[in-house]
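One structure follows; several queries about it will come next.
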Amino acid sequence: MGLELVYRGEINNFYRNVYFPNLKFIERTDHFTIDDIVFPDIIFSKGVVLNQMSNKWMELLEKSGIISNTIIANDTNSLSKLGVDKERFSGRMIAVQDCIPIPLECIVRGYYVKESESWAPYINNECNMYGNVLQYDLKDSERLSKPIYTPSIKGDINKPDLNISFAETINVIKDFLIDKFQLDANEKLYIHSIAFTIATAIRDISIKAYSYAHDYAIKRNIIIADAKLEFGIIVEKETGKRKIVIISEAFTPDTCRFWSTDTYQIGTAQSSLDKQLIKRYIKKTYPNWYSSSKNKFPLLPINLLTEVSKTYWYILEKLFDKSFEEVTSQLAWDWKFIQENIFI
């Protein structure tokens, strides 16, 4: 009753089990990307800490009534009953209900981040940020009067994502619906209105989720400057109704910028508490790499990767009071219990 690898993604691996055909199993690995380029290095235990963090955020978002998720099982005992029988998956795998991913990356920005290439339109286009008109005199790291929504679509492999306006997301969703669903005559007739409704819903959910996470985190002295979320659609078998759900991961150092309130200062770049640490190192040490053919990866020192790993665990402990020792000890105990009581 084992798992079969069906797809190896950039940083996640996806499995199936023939005995549970409506489920998908996601393994979070220790690999990482910088600007959507997959690096050969790993960040120690990254998959475990991101899994813990994302699962907790999704639980909170669902409990708060903001958005449901697709998670069916994320603990050792439940996963073992679904055929997850290898210790290497412990703490880094979830079983999810199968759904159809919406091909948008839903980005919410709550602060002006001058060093981010995505903010070039603000500087160059009369303060217009992908359809969001902002005040002209923002200072670096300044909080916006309200969060803005700047969606994107995936670029080619090892290519950056493409930022688009909200209006363009309507056409993306319209094409998605036509491609992925059997639409009836009425739905075909009103396809633009349906696409507009879905685009509006995921925009509003994204902003609401970001605002909830930001308010939660800042009480624990962590600032979430921006975030990327992804959504999908589940079709209920009994009724045929379609439901929007959050997928992938939520509010992790892989998908957000985290800053500390203790060192936060408007007018300058902030100390990074996410994988921006790696990007800054590359820009400083290998300034020409981004304009090169990228056939050869920068040499990343082990102490840098270790620092990033510790930073990820620091964020988890600050947000949810879960330390490295506590999490890894619990996982080891859970696996020992499963071996003794189920597999042996």
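Which of the residues that make up region 189-231 are closer than 28 Å to Gln265 by Cβ, of a type outside the set (A, V, I, L, M, F, W, C) and outside any helix (DSSP H, G or I)?
Residues satisfying the conditions are Lys219, Arg220, Asn221, Asp226, Lys228.
I need a count of the residues in region 90-108 that are over 19 Å from Asp254 (Cα atoms) and out of contact with any Ser or Thr (no Cβ under 9 Å at 6 or more places or on another chain).
Final tally of qualifying residues: 2.
Hey, another quick one. Output the residue which, of all residues in region 240-249 that are touching a helix residue (DSSP H, G or I) at 6+ places or on another chain (Cβ under 8 Å) and over 19 Å from Asp30 (Cβ atoms), is surrounded by the most Cβ atoms within 10 Å (Cβ to Cβ).
If we take residues in region 240-249 being touching a helix residue (DSSP H, G or I) at 6+ places or on another chain (Cβ under 8 Å) and over 19 Å from Asp30 (Cβ atoms), then Ile246 is surrounded by the most Cβ atoms within 10 Å (Cβ to Cβ).
Okay, residues lined up against (1) surrounded by 13 or more Cβ atoms within 10 Å (Cβ to Cβ); (2) in contact with a helix residue (DSSP H, G or I) (Cβ under 9 Å, 6 or more places away or on another chain); (3) assigned to a loop (DSSP other than H, G, I, E, B):
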position: Asp254; (1), (2), (3): yes, yes, yes
position: Trp259; (1), (2), (3): yes, no, no
position: Thr263; (1), (2), (3): no, no, yes
position: Gly267; (1), (2), (3): no, no, yes
position: Ser272; (1), (2), (3): yes, yes, yes
position: Leu277; (1), (2), (3): yes, yes, no
position: Ile315; (1), (2), (3): yes, yes, no
position: Leu319; (1), (2), (3): yes, yes, no
position: Lys322; (1), (2), (3): yes, yes, yes
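Determine if region 70-77 includes at least one residue that is touching a helix residue (DSSP H, G or I) at 6+ places or on another chain (Cβ under 7 Å), within 17 Å of Glu230 (Cβ to Cβ) and without any contact (Cβ under 8 Å) to a residue 60 or more places away in the chain. Before the answer, list the steps.
Start the filter on region 70-77 by keeping residues that are touching a helix residue (DSSP H, G or I) at 6+ places or on another chain (Cβ under 7 Å), which leaves 71, 73-74, 76-77.
So of that shortlist, the ones also within 17 Å of Glu230 (Cβ to Cβ) come out as 71.
Adding the requirement that they be without any contact (Cβ under 8 Å) to a residue 60 or more places away in the chain leaves 71.
There is at least one residue in region 70-77 that is touching a helix residue (DSSP H, G or I) at 6+ places or on another chain (Cβ under 7 Å), within 17 Å of Glu230 (Cβ to Cβ) and without any contact (Cβ under 8 Å) to a residue 60 or more places away in the chain.
On to the next question. Say we look at region 1-43 and pick out the residues that are among the β-branched types (Val, Ile, Thr) and not in a loop (DSSP other than H, G, I, E, B); which of these is farthest from the chain's Cα centre (by Cα)? Even if it seems obvious, please write down each step before you answer.
Of all residues in region 1-43, those among the β-branched types (Val, Ile, Thr) come to 6, 11, 18, 26, 29, 33-34, 37-38, 42-43.
Checking which are not in a loop (DSSP other than H, G, I, E, B) leaves us with 6, 26, 33-34, 37-38, 42.
Values: Val6: 21, Ile26: 13, Thr33: 12, Ile34: 14, Ile37: 16, Val38: 15, Ile42: 18 Å.
Per the criteria, the residue is Val6.
Right, something else. Can you tell me how many residues within region 75-89 are part of a loop (DSSP other than H, G, I, E, B) and buried (at least 21 other Cβ atoms within 10 Å of the Cβ)? Show your work before the answer.
Our first condition is that a residue be part of a loop (DSSP other than H, G, I, E, B); within region 75-89, this holds for 75, 82-86.
Now restrict to residues that are buried (at least 21 other Cβ atoms within 10 Å of the Cβ): 84.
Selection size over region 75-89: 1.
Among the residues of region 90-114, write down those that are touching a helix residue (DSSP H, G or I) at 6+ places or on another chain (Cβ under 8 Å), over 13 Å from Ile233 (Cα atoms) and assigned to a loop (DSSP other than H, G, I, E, B).
Within region 90-114, Ser90, Gly91, Arg92, Tyr112, Val113 meet the criteria.
None of the figures in this text is laboratory data; all of them are computed from the coordinates on show. As the structure is a prediction and not an experimental result, all values here were calculated from the model. Please note: Cβ atoms are built from the backbone with ideal geometry, for glycine as well, and neighbour counts cover all protein chains shown.
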